[in-house]
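Bear in mind these aren't lab numbers, they're just calculated from the coordinates by the rules spelled out. In this text, all values refer to a predicted model and were calculated from it rather than measured experimentally. With ideal geometry, Cβ positions are generated from the backbone for all residues, glycine too; neighbour counts draw on all protein chains shown.
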Amino acid sequence: MRSFAVDAIERAELCETQSAKEVSESALEKALGAGYGIFAGEQTHQAILRFSPAAARWVASEKWHSRQAGYFESDGSYRLTVPYSKETELVMDILRHGPDVEVLAPVSLKNRVQEQLAATLAQY
């Protein structure tokens with residue numbers, strides 16, 4: 001089973017050599033529900049992100065995932081927990097918040113964001 005970003009589809013063609021298969025709702029949820037963005041998968045991780053008070057108001061109103069959980073901390077920052085299976089799209093969303101976001105967990109996600117930031121800095 002594959003998923004696609006609908007806005008990236010340029011054209012569609014009818015393929016008579018391969019037919020679509022019926023898939024139960026539970027099988028769809030199992031395959032696609034846990035992923036983040038267009039990156040699906042069964043094995044899930046929990047990203048825990050902390051957004052600065054300056055970004056908190058805006059991030060709190062965003063829908064990152066149907067199973068996200070978030071709350072405001074006493075200092076005005078916002079803590080967001082998001083499930084994901086593959087980090088690719090999640091890393092892009094984290095990076096767009098620049099210094100207003102910190103990855104608290106897992107360490108592997110934090111390391112990936114650090115790698116991307118180092119590669120970006122190396123361009124300059």
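Okay, here's what the table says:
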{"item": "Mean Cβ count within 10 Å, highest first, over the residues of peptides 80-89, 61-70, 93-102, 8-17", "result": "80-89, 93-102, 61-70, 8-17"}
{"item": "Kirkwood Rh, Cα atoms: Rg over Rh of segment 43-124", "result": "0.96"}
{"item": "Inter-label distance for Ala118 and Ala54, nm, one decimal - labels placed 7 Å from Cα along Cα-to-Cβ", "result": "2.6 nm"}
